[in-house]
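Working notes, structure below.
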Amino acid sequence: MKGYQAGSYDVIVVGAGHAGVEAGLAAARMGAKTLMLTISLEGVAFMPCNPSVGGPAKGVVVREIDALGGEMGHNIDKTYIQMRMLNTRKGPAVRALRAQADKQLYQRAMKETIEETENLTLRQGMVERLIVEDGICRGVVVATGAEYRAKSVVLTTGVYLKGKIIIGELEYESGPNNMQASVHLSENLHQLGFDMVRFKTGTPPRVNGRTVDYSKTEIQPGDDAPLSFSYDTTTFVKDQIPCWLTYTSPETHQIIRDNLGRSPIYSGAIVGTGPRYCPSIETKVVRFSDKSRHQLFLEPEGKETREVYVDGLSTSMPEEIQRKMLETIPGLEKAEMMRPGYAIEYDALVPTQLWPSLETKKISGLFTAGQINGTSGYEEAAGQGLMGGINAARKALGKDPVILDRAQAYIGVLIDDLVTKGTKEPYRLLTSRAEYRLLLRHDNADLRLTELGHQIGLIPEKRYQRFLIKKEQIRQERERFTRISIRPTEHTDKLLKEKGAAPISEPVRAEHLLKRPELGYDDVAGLMPEPGWKVPADVREQVEIQIKYEGYISKQLQQVEKMKRMEKKKIPKDLDYSVIDGIATEARQKLDKVQPISVGQASRVSGVNPSDIAILLVYLEQGRLARKTG
Amino acid sequence: MRSKAYIIRLMRKGVIKLDYEDTIAAISTPVGEGAISIVRMSGPEAIQVGDRLFRGKRPLSQVKTHTIHYGKMIDPENGKAVETVMVSVMKKPNSYTREDIVEINCHGGLNSVNRILGLILDQDVRMAEPGEFTKRAFLNGRIDLSQAEAVMDLIRAKTDRAMDVAMSQMEGRLSTLVRGLRKQLLDILAAVEVNIDYPEYDDAEVVTGEILRDRSAAVRNHIDQVLSTARQGKILREGLSTAIIGRPNVGKSSLLNHLIHENKAIVTDIPGTTRDIIEDYVNIRGVPLKLIDTAGIRETTDEVEKIGVARSRSALANADLILFLLNAHEPLADDDRRLFQAIGNTPAIILLNKTDLPQKIEIEEVNRLAAHRSVIRLSLKNEQGVEKLEDAINTLFFDRNLSANHEEAYVSNVRHIALLKTARSALSDAITAADQGLPVDLAQIDVKRAWDTLGEIIGETVSDSLINELFSKFCLGK
C-alpha cells in the first residue's frame, strides 16, 4: 500500500467505542486538534452487550464522568427507555442509578455530538500500525495508506484486537457483532514489545419480543421519580419501557449438561480468560449445579425495535443448542431467536505497563484506555477513555497529567487497580474494590470532581457557577442545622412519636435530631422556621447525608489522610530495586515491573509486603538523608 | 552493615511493621518504685491525647516545644484528677522520633505510672513494641544506620524474642483461631457485598442489621475470651510475679542478690534524685520481675537458711514465674520432688546450682520431672549460667503465654494484643451502628476494618480474597 501524509493532529484516538468517544470529545473540548479513527462509523458508541448503563459502582462512574465534563451521562439521559435507582433501602454510599438504553438512539445521539464538536474529526479507517520514533509515538498508519501525525495517540480498541467469535464449533475472525476485527495493530503492539494477554467475554442470544409470552414473567418497571445521570439534565423520559424477569428451568440445565462436549469453554476451544462476574450460563450450571434455576432478565434493546436481550443467558453453545435452551425457558418457549449468543476472544494489554496517567511506560505519547487495558463494561471503558483523552491532550499541550486517587473517584480506584495490580480476568468495578466507598457516593460526584473538571477545562463556566451556588447552599443549610435548636413542644412530640422516635425534654440542635435514624431532612426541617429560600432537593439530600453519616464520613476521611501521606512519598522514576537489600525477590520483581510512582502505590502491588515497604521507606529515607548531608 | 541486616530481618518477620502513622506509648523508665517514672507517647495524636488527659495552665497544643508543664492528669470518664504530673512536650521534627512526643513525669510508684499508661492506652494509643521509639526515629531519618546500630543492640534481646513469638505463634493455634474468626467475618462481608453489587440477585441471604450485629457480637465474644487470657500487658505494667524456691541452702539469696546487683535495674536516672535501689523489682532485659517474698529470703543467710518447703509453697500461690533452685552437688531430696509437684502448671525454670562442684544429682530424673521446662546449669559462685537464665526468662515471657491455663492461652505478643483490641473495638462500632439502625453497608465498614486488622496478625490483608469469596460463593451474572 502506497502511503501518503494525511495530516497532523494534537491527539489521535483509535477507536470510537465508549472509551474512544470520551477520549476524543475530552481532547477536542480541551482545545486539542483531535482525530478519531474507527473501523466503521456504524460502530460509534455501540453497545454489543447488554443495553444498559450504570448499576452499583458503574453508575457512580457515569456520574463521575459527568462531573468531569464527559459525555456518557448526557448521552444516556437523552436515550434511556427506563431508569431505576438501585439499593434504595441501603445506605447512601451504595445507591446507584441504572438505565436501560435505546441502543440505536444511544449511538446516533453520541455520533451527532461528536460530529457537532469543534476540533474533532471523526473518520472511518482501520489503523494498522503506530509510527514510533526513538520510543515516542508520533502517529498512526491506516490501511488505506493514510499516515497521520500526532503529539499523542490514544488506543481504545475494545475487543477488536485479533477478535475471534466462537459459537459452538463455529469460529471466525471478527470484532463484536460481526464487525471487522483488527489484526495488524495487535501484531504491531507485540513487535513494539508490549505484553499482551488473551481475554474472553460473551453475550447472550437476542429474541423477538413479539414472540415472548410476558404473562409467564414478572414485570420490572422503571422508577416513576425523575432520575438522571447528568447534573445538567432537566428533561426526563415519560413513557418508560419495562424489563421482565424469568428463569432458566431444570430442562435448560439438562440440555446444557447433555451438550457440554460441544461447549467451546469445556472443549478447550476457548483459551482466553473470561470474567467470573459475568459467567456464561454453561459455567453457572456446571459450577453451581445445586441451583435449579437462574435469573434471566428480558431487556428491550430500544423503542424502535422488538429485539430483546436475554440477560443472564450469555453463552457460546452451538446455535442449535441455544435455540433448544430458549424453548425451555418460561415465556420464551415460542420465542424467535434473532441473533445467537457468542463468545469473543481478543488481545488486551497487560495494564501494569501503564503509568497512572494511562500513558504506556514503553512508548512516550502512547495512551491506552478501555477494554484494551483488560477491563470490561461500558462505564469502565468510558471512565478510562475520559482520563486517557484528558492526559493525551495535556501531554500534547505540554501539561502534567491528571491522576485521580482512590479517595477521589471510582475511576481512580479502577485505574490504580489496573496499573498497580494488573488483572487476571476482564476487570469489573465492584463497590468492594473501593476502600472509601462512603466518600465515593453517586450523590456527591459533582462535589468531588466538578472543581477539577473546571480546572481541566471540561466544565463550562455556566455550569461551574451553578455548582458553586449549590455548594454554597449546602454550606448555608448545614450551618442552619447547626445553629437552630428544636424546642420540646407538643407539636415536636407528636411528630417524633409518629416517626417512632423518642421525645425530647430540652432543646436539641437540629443536626443532632437529624442524626436519628428514624428522622429525615424533611421531618426535622418541618420543625424549624422557614429558611426564607427554597432549598433544592439535591441540597436537602446532601445536607441529610452529610449530617447523618458524619461519624463514618470523618472516620473515612481520617483513613484517607493516612493514605495520602503514603501517596505523597514519591519514588524516583529510575529507582533500581536490585540495589535495595532485603526486599523479597518476588516483591522486587513486581516493583521493577510496576514501577510505582509513590510508596502508597508500591504498597498496593500484589506480592509486596509491609516489610518490603518498610525497607523501601528506609532506603528512600537514607537516600534523602545522604543527599541532604552529602 | 550488621544492624541493617538485623533491622531488615525484623521487618521481614513482621516485628518491625510499617505502622508508624499511629501513636504509641510506653513506660520509658525502668519499672519499679523509683522516685519518678516517665510515660512517653509518640505519634501524630500524642499532643491531642495529652490534651484530653492533662489539665495545666494551658493546653499542650498551645505550648512551645521543649517545655515542661505542671498540672494534673484527669480521667476523661469522670473528669477527676488522677495524678499530679510534669508534662514535657517535644514537637516534631525536633524530637527523638521526629514525631510529636509527650512525656509524662509522675510519681515513681507502680500504681501511678500504670494508671497513667492505662488512661493513655484507652485513648486509642497503642502500646509500643520493644525498640519502637528507636525504630521510628530511624524510619523518620532522625538517626542514621550506624547510630541506630548502637541503640538497636540495646533492644535486640527483646525484639529477637518478640520475633520468635511472631513466628511460633504464626504456625500455632493463634493463627488457626484468627483464620476462623476471619472466615466468620468474611461470610458477613461477602453476603453484604452481594446484596450491594447485585441487588437483584435473589439467592443471597439479605443481611439485616440484626444478623450483622449478632454475628459480629459472636466474633467479638471470642476475641474477648482470647484477650482475657492475654496477660502480657498486665505483666509489662505490673511486673512478672516471680518466686525463687528451693530447699534451704540451695542458693536462693545468692540468686536474688545476683539478679538485683547485676541488673542494677531499679535505679532512677533523673538527675538530682537519689539513686535508690528498689529491691523487690528487677528488670531482665526489659522484662520486669517482681520478686515475691524477697524479704523472707533475706532474713537468713545461705548457711543457716531456715526457710524451707513451707515458705516456698506460700510464695508459689501468687507467682507468674517460678525459679526453682536445685543443688547439683547433692542427690535429689524428697522435698525437691514435692516442690516439683507443687509447681503444677505455673511456668518455671529449673536451675541446677553449684555446678562448680562435682555433680551428684540424678540428672535424668531432674529432666523427667522438669518435662518441657528449661533446665539451666548454674554456678552462682562462679557467676556462670546467669546469662542463660536471663535468656530463658525472656523466652518464657515473649514466647509462651505465662498463664496458668495453657489450653486457653493464645496471645502473649504486644502487637497481637493491640491488633486484637483494635479488631474488637471495630466490631463494637459495627454493633453500635447496627443497634442505631444505621444501614448495613455502613456497619459493614467496621466489620471490614475488624477483618483487615485480624488479617494483620497473620499477614493477610489482601482484599482480593473478598472478591474471590463473592464469586466462589454466589452465582452472579448481571
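The values are calculated or read from the model by the stated rules, or taken from the named source; none is laboratory data. Since the structure is predicted, the reported quantities are computational estimates derived from the model, not experimental observations. Neighbour counts run over all protein chains shown; Cβ positions are idealised from the backbone, glycine included.
Would you point out the residue of segment B:207-230, among those that are of a type in the set (A, V, I, L, M, F, W, C), out of contact with any Phe, Trp or Tyr (no Cβ under 8 Å at 6 or more places or on another chain) and buried (at least 19 other Cβ atoms within 10 Å of the Cβ), that is nearest to B:ALA433 (Cα to Cα)?
Ranking the qualifying residues of segment B:207-230, first place goes to B:LEU212.
Would you confirm, using the coordinates I've provided, whether A:THR203 is closer than 18 Å to A:PRO300 by Cα and crowded, with 16+ Cβ neighbours inside 10 Å?
Yes.
So, in segment A:88-105, of the ones that are buried (at least 24 other Cβ atoms within 10 Å of the Cβ) and touching a strand residue (DSSP E or B) at 6+ places or on another chain (Cβ under 8 Å), which residue ends up nearest to A:SER432 (Cα to Cα)?
Result: A:ALA96.
Would you be able to tell me the number of residues in segment B:440-460 that are among the β-branched types (Val, Ile, Thr), more than 9 Å from chain A (Cβ to nearest Cβ) and in contact (Cβ under 8 Å) with a residue 60 or more places away in the chain?
3
Give the residues of segment A:341-368 that are of a type in the set (Gly, Ala, Ser) and either in a strand (DSSP E or B) or more than 30 Å from A:ARG262 (Cβ to Cβ) (or both), sorted by residue number.
Passing the criteria: A:ALA343, A:ALA348, A:SER357, A:SER364, A:GLY365.
If B:GLY437 meets every condition in (1) surrounded by 15 or more Cβ atoms within 10 Å (Cβ to Cβ); (2) in a loop (DSSP other than H, G, I, E, B); (3) facing another protein chain (nearest Cβ under 9 Å); (4) at pLDDT 80 or above apart from one, which number is that one?
(1)
Scan segment A:421-470 for residues that are more than 12 Å from chain B (Cβ to nearest Cβ) and of a type in the set (Gly, Ala, Ser) and report the count.
Qualifying residue count for the region: 3.
Can you pull out every residue in segment A:67-94 that is touching a helix residue (DSSP H, G or I) at 6+ places or on another chain (Cβ under 7 Å) and within 14 Å of chain B (Cβ to nearest Cβ)?
Scanning segment A:67-94 gives A:ASN87, A:LYS90, A:GLY91, A:PRO92, A:ALA93, A:VAL94.
Go through (1) surrounded by fewer than 22 Cβ atoms within 10 Å (Cβ to Cβ); (2) in a strand (DSSP E or B); (3) within 14 Å of chain B (Cβ to nearest Cβ) and name the single condition A:MET338 misses.
(3)
Within segment A:590-619, which residues are small (Gly, Ala, Ser) and under 18 Å from A:ILE403 (Cα atoms)?
Within segment A:590-619, A:SER598, A:GLY600, A:ALA602, A:SER603 meet the criteria.
Just name the residue that is farthest from the other protein chains (Cβ to nearest Cβ) out of those in segment A:55-66 that are within 9 Å of the chain's Cα centre (by Cα) and closer than 13 Å to A:THR431 by Cβ.
A:VAL61
Just to be sure before I move on: is A:ILE270 farther than 19 Å from A:GLN100 by Cα and within 32 Å of the chain's Cα centre (by Cα) in the structure I sent?
Yes, satisfied.
Among the residues of segment A:369-380, is there at least one that is within 14 Å of chain B (Cβ to nearest Cβ), assigned to a loop (DSSP other than H, G, I, E, B) and either out of contact with any strand residue (DSSP E or B) (no Cβ under 7 Å at 6 or more places or on another chain) or closer than 30 Å to A:GLY193 by Cβ (or both)?
The answer is yes; a qualifying residue exists.
So, in segment A:295-307, how many residues would count as being in contact with a Cys (Cβ under 9 Å, 6 or more places away or on another chain) and more than 9 Å from chain B (Cβ to nearest Cβ)?
3
Hey, can you tell me all the residues within segment A:253-294 that are away from chain B (no Cβ under 14 Å), among the polar types (S, T, N, Q) and assigned to a helix (DSSP H, G or I)?
The answer is A:GLN254, A:SER267.
Yes/no per residue for (1) modelled with pLDDT under 80; (2) out of contact with any strand residue (DSSP E or B) (no Cβ under 6 Å at 6 or more places or on another chain); (3) in a helix (DSSP H, G or I):
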residue: B:PRO199; (1), (2), (3): no, no, no
residue: B:LEU227; (1), (2), (3): yes, yes, yes
residue: B:LYS234; (1), (2), (3): yes, yes, yes
residue: B:PRO271; (1), (2), (3): yes, yes, no
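If we scan segment A:489-496, do we find a residue that is hydroxyl-bearing (Ser, Thr, Tyr), buried (at least 17 other Cβ atoms within 10 Å of the Cβ) and under 30 Å from A:LEU25 (Cβ atoms)?
no
Tell me which residues, restricted to segment B:48-81, are farther than 19 Å from B:LYS92 by Cα and part of a strand (DSSP E or B).
B:PHE54, B:ARG55, B:GLY56, B:TYR70, B:GLY71, B:LYS72, B:MET73, B:ILE74, B:ASP75, B:LYS80, B:ALA81
Checking the conditions here, which among A:THR482, A:THR420, A:THR431 is surrounded by fewer than 21 Cβ atoms within 10 Å (Cβ to Cβ) and of a type outside the set (Asp, Glu)?
After applying the criteria, what remains is A:THR482.
Please tell me if B:MET86 is in a strand (DSSP E or B) and buried (at least 23 other Cβ atoms within 10 Å of the Cβ).
No.
For segment A:35-54, enumerate the residues that are under 15 Å from the mean Cα position of the chain (by Cα) and of a type in the set (Ser, Thr, Tyr).
A:SER52
I want to confirm something. Restricting to segment B:89-128 and keeping residues that are small (Gly, Ala, Ser) and surrounded by fewer than 19 Cβ atoms within 10 Å (Cβ to Cβ), which single residue is modelled with the highest pLDDT?
B:GLY118
Applying the selection to segment A:154-181, what residues are more than 21 Å from the chain's Cα centre (by Cα) and in a strand (DSSP E or B)?
Listed by number, the residues that qualify are A:LYS164, A:ILE165, A:ILE166, A:ILE167, A:LEU170, A:GLU171, A:TYR172, A:GLU173.
Those residues that are crowded, with 23+ Cβ neighbours inside 10 Å and within 18 Å of A:ASN177 (Cα to Cα), I need them from segment A:313-328; list them, please.
A:LEU313, A:SER314, A:THR315, A:SER316, A:MET317, A:GLN322
Being within 30 Å of B:GLU132 (Cβ to Cβ) and not small (Gly, Ala, Ser): is that true of A:ASP592 here?
Spelling it out, it is not the case that A:ASP592 is within 30 Å of B:GLU132 (Cβ to Cβ) and not small (Gly, Ala, Ser).
Yes/no matrix, rows are residues, columns are (1) over 38 Å from the mean Cα position of the chain (by Cα); (2) of a type in the set (Lys, Arg):
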site: A:ARG466; (1), (2): no, yes
site: A:LYS471; (1), (2): no, yes
site: A:PHE481; (1), (2): no, no
site: A:ASP493; (1), (2): yes, no
site: A:ALA501; (1), (2): yes, no
site: A:GLU506; (1), (2): yes, no
site: A:HIS512; (1), (2): no, no
site: A:TYR521; (1), (2): no, no
site: A:ALA525; (1), (2): no, no
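Restricting the search to segment A:149-180, which residues are of a type in the set (A, V, I, L, M, F, W, C) and closer than 21 Å to A:ALA23 by Cα?
Within segment A:149-180, A:ALA150, A:VAL153, A:VAL154, A:LEU155, A:VAL159, A:LEU161 meet the criteria.
Kindly evaluate B:LYS381 against the criterion of being assigned to a loop (DSSP other than H, G, I, E, B), surrounded by fewer than 16 Cβ atoms within 10 Å (Cβ to Cβ) and in contact with a helix residue (DSSP H, G or I) (Cβ under 8 Å, 6 or more places away or on another chain).
Yes.
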